[in-house]
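Colleague: What follows is a single structure, and I will ask about it in a moment.
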Amino acid sequence: MNLILMGAPGAGKGTQSEKISEKWNIPSISTGDILRAAIKAGTALGQTAKSYIDDGKLVPDEIVIGIIKEYLTSDACKNGFILDGFPRSIPQAEALEAMGVKIDAVLTIEVADETIVQRMSGRRVCACGASYHVLYKPSQKEGICDKCGAALYIRKDDAPETVTKRLETYHTQTEPLKAFYADKGLLLTVQGQEEVADTTRLVFEALSRL
Ligand code: ADP
Ligand code: ZN
């Protein structure tokens, strides 16, 4: 299964992507995680990406397209993959088509902007890629990752002003992809629920109908 996961920042793409990855045993590729890892490693890519991310903007298309190309052609993806956070613009979607990659479905998780803003204030993340929420998905030990034991932190781009900008970016640049994929008969829509497990159930239902 070759799957694209869409949704506003904070809609729960990363969390659901983990669940799908476990159940279908396919890797999840998060452009956000890859870019954050590059920032942490201090690479040239990371330095460029940081200025856009901290500003709530999209990293330039050429950069993320290059990253994705490298991953999709790797052996790990030969039995399927989940793209979490790519494509995020029409040019990125066109580039994916031009790579000749066949997509089976595009699943969008719908969450209202007001809910997103509330959620982001409680988000805590780990360098290993795990993500938590102080209310909705707390780690077992406060401030510590369940998976690797490292200290959790608040993403800089989760600051309230930046969240508002990221939502704007989502609505103007990413949301047009819904029509783009609906026209191809690929779009599946799931309403994000308050409880993670309820969203997961709807996501699994939608995917098992494929
Ligand atoms: P969220 O979905 O919560 O915004 P991500 O971790 O997916 O979080 O992305 C964080 C940031 O990384 C984005 O706001 C954007 O700046 C950058 N980014 C991630 N994926 C892409 C992409 N496909 N194209 C451009 N920028 C991206
Ligand atoms: Zn961790």
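Quick note: the coordinates plus some simple rules give every number you see, no bench work behind them. Because the structure is predicted, anything quoted here is derived from the model rather than measured. Cβ: placed from backbone, ideal geometry, glycine included. Neighbour counts: every protein chain shown.
Colleague: Using only the alpha-carbon atoms of segment 30-79, report the extent along each of the three principal axes, biggest first, to the nearest angstrom.
Modeller: Extents along the principal axes: 36, 21, 15 Å.
Colleague: Put +1 on the Cβ of every Lys and Arg and -1 on every Asp and Glu Cβ in the chain; which of SER30, LEU202, MET6 then has its Cα farthest towards the positive end of the dipole?
Modeller: Result: SER30.
Colleague: Return the single residue from SER17, SER28, SER74 with maximal mean-square fluctuation; model: Gaussian network over the chain, springs between Cα atoms under 10 Å.
Modeller: Judging by the Gaussian network model, the answer is SER74.
Colleague: Just the number, please: percent antiparallel of the DSSP beta bridges in the chain, rounded to the nearest 5.
Modeller: Numbers: 6 of 23 bridges.
Antiparallel bridges make up about 25 percent of those DSSP assigns within the chain.
Colleague: Where nothing but the Cβ of Lys and Arg (+1) and of Asp and Glu (-1) is charged, how large is the charge dipole of segment 66-205 around its Cα centre, in debye to the nearest 20?
Modeller: In debye, rounded to 20, segment 66-205 gives about 420.
Colleague: May I pose another question? Per the Kirkwood treatment, what hydrodynamic radius in Å, one decimal, follows for the chain from the mean inverse distance over all distinct Cα pairs?
Modeller: Numbers: mean 1/r = 0.0573 Å⁻¹.
For the chain, the Kirkwood estimate is 17.4 Å.
Colleague: Summing -39500 (n - 2.57) over the DSSP H runs of n ≥ 4 in the chain and dividing by its residue number, what mean residue ellipticity at 222 nm do you reach, to the nearest 500 deg cm²/dmol? Walk me through the intermediate numbers first.
Modeller: Working: 9 runs with 93 residues, N = 210.
Value at 222 nm, helices only: -13000 deg cm²/dmol.
Colleague: Which of the three applies to segment 26-123, rounded, prolate or oblate, going by the alpha-carbon gyration tensor with a ≥ b ≥ c and a/c under 1.5 meaning rounded?
Modeller: It comes out oblate by the Cα gyration axes.
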